[in-house]
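A.B. asks: My questions will all concern the structure given below.
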Amino acid sequence: MKTPSDYQQSIYDVVSLIPKGRVTSYGAIAQFLSLGSARIVGWALNRLSGNNPRQIPAHRVVNAKGVLTGWRAFGSPNTMASLLQSEGVVVEGNRVVDFASTFWHPEELVEE
DNA sequence: CAGCTGACGCATA
DNA sequence: GTATGCGCCAGCT
C-alpha cells in the first residue's frame, strides 16, 4: 500500500489515541515514534488542517510549553481552545492550565 | 537542482 | 521573560 509516509500515519494513530481531556506535545510524539524531530509531527498535523477525515483530535496536541501553537489551522483562533475546554481541559488564552497534569504520554496508553 | 518555510524543541544571551 | 540561533525532516516554489 502506498503509505504517504509511515511516520505520518503513526502520528495520526497516536493522536487519535489521546484520551479525552488530555493533551500531548509534538516532541512527545516525535520521541515516541523516534521521528527525531518535533517538526515532523507539526508538519503532519499541519497537512491535516482543513481536512481531517479521520477526525484526528489535533487540538489535543500542543507544543512542549502547553501552548496552542496550531490554533490558526482550525480556522478560528478560538476553535482549538474551545475544543479542549469542551473536553475538560482548562485553557487560558492559548495556553493549557496545569499542563503537567493534563499532559498525556503515548507510552502511558501502552503501559495502561 | 537550490532555497525557503513550517502547528517544534532546546540552548544561550 | 523576551530574543536569537541551531538542528531536524519533509514539502513546496
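Bear in mind these aren't lab numbers, they're just calculated from the coordinates by the rules spelled out. Keep in mind that this is a model prediction, so the values were computed, not measured. Every residue, glycine as well, gets a Cβ built from its backbone with ideal geometry; the counts of neighbours run over all protein chains shown.
A.B. asks: Just need the relative contact order of chain A here, percent rounded to a whole number, with Cα pairs under 8 Å and 6+ apart.
C.D. replies: The normalised contact order for chain A reaches 29 percent.
A.B. asks: At 7 Å along the Cα-to-beta-carbon direction for both residue A:55 and residue A:76, put a label point, then send me their distance in nm to one decimal.
C.D. replies: 2.0 nm
A.B. asks: Suppose only helical runs count, i.e. DSSP H with n ≥ 4. What mean residue ellipticity at 222 nm does that imply for chain A under -39500 (n - 2.57) per run, divided by all residues and rounded to the nearest 500 deg cm²/dmol?
C.D. replies: Per the formula, -11000 deg cm²/dmol.
A.B. asks: Pairing the Cα long axis of helix A:38-48 with the longest principal axis of chain A, what angle in degrees results, from 0 to 90 and rounded to the nearest 10?
C.D. replies: For A:38-48 against chain A, the angle is about 90 degrees.
A.B. asks: Further question on the same structure: Taking the simple approach of a point 7 Å from Cα along Cα-to-Cβ for both residue A:64 and residue A:46, what is their distance in nm?
C.D. replies: 1.8 nm
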